[in-house]
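The values are calculated or read from the model by the stated rules, or taken from the named source; none is laboratory data. Model, not experiment: these values are computed from the prediction. Reconstructed Cβ throughout: ideal geometry from the backbone, glycine too, with neighbour counts over all protein chains shown.
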């Protein structure tokens, strides 16, 4: 059965999740509707992978760590991340600290083993977001820490919306572009990937 994996930010600008017509297993990004995720108010074909957990999909083990890294919130317990209400949907989204991952979620990921695909929103180090590998390193050491101990067969990330393919901590790590630009097909038995535009 075909299915899709997604590395975050799939709500519309109004924070709505639409029926997509095929099972989509996804981690949240930093521009998702966290109230809808928390309440489970999602279409039936959209399955959210909770940070630090695995899910079995068609004999594949998929784990996830959604959200961005924010040093000021990293030591906060996930349950204590504030989500204030603001005057607009966009302002509320930007103020919602559930858009960040925290240490306890990273530590939960480091305990996971036998993972086939690890989905993160953030990149591992080194990741230079500009064409030709230029710019400051935008990768996050926490992702490297997880990859080093988890050793999944494949790591996919998406926050920077730029295709890249490298090996990090001995793991193939692929950055995904906007789905409107390209997507990848993965053979679940061989883990060969094909980039489609």
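Data table
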{"read-out": "Yes/no for residue 8 being out of contact with any helix residue (DSSP H, G or I) (no Cβ under 8 Å at 6 or more places or on another chain), part of a loop (DSSP other than H, G, I, E, B), modelled with pLDDT under 90 and crowded, with 20+ Cβ neighbours inside 10 Å", "value": "yes"}
{"read-out": "Top-ranked residue of segment 78-125 - restricted to ones that are over 17 Å from the mean Cα position of the chain (by Cα) and modelled with pLDDT of 95 or more, ranked as nearest to residue 153 (Cα to Cα)", "value": "114"}
{"read-out": "Scan of segment 93-112 for residues that are out of contact with any strand residue (DSSP E or B) (no Cβ under 9 Å at 6 or more places or on another chain), closer than 13 Å to residue 33 by Cα and surrounded by 15 or more Cβ atoms within 10 Å (Cβ to Cβ), ordered by number", "value": "93, 96, 97, 98"}
{"read-out": "Filtered residues of segment 28-78 (kept if in contact with a helix residue (DSSP H, G or I) (Cβ under 9 Å, 6 or more places away or on another chain), part of a helix (DSSP H, G or I) and surrounded by fewer than 17 Cβ atoms within 10 Å (Cβ to Cβ))", "value": "35, 38"}
{"read-out": "Any chance residue 168 is over 16 Å from the mean Cα position of the chain (by Cα), surrounded by 17 or more Cβ atoms within 10 Å (Cβ to Cβ) and modelled with pLDDT of 90 or more", "value": "yes"}
{"read-out": "Residues that are without any contact (Cβ under 8 Å) to a residue 40 or more places away in the chain and surrounded by 12 or more Cβ atoms within 10 Å (Cβ to Cβ), drawn from segment 79-89", "value": "81, 86"}
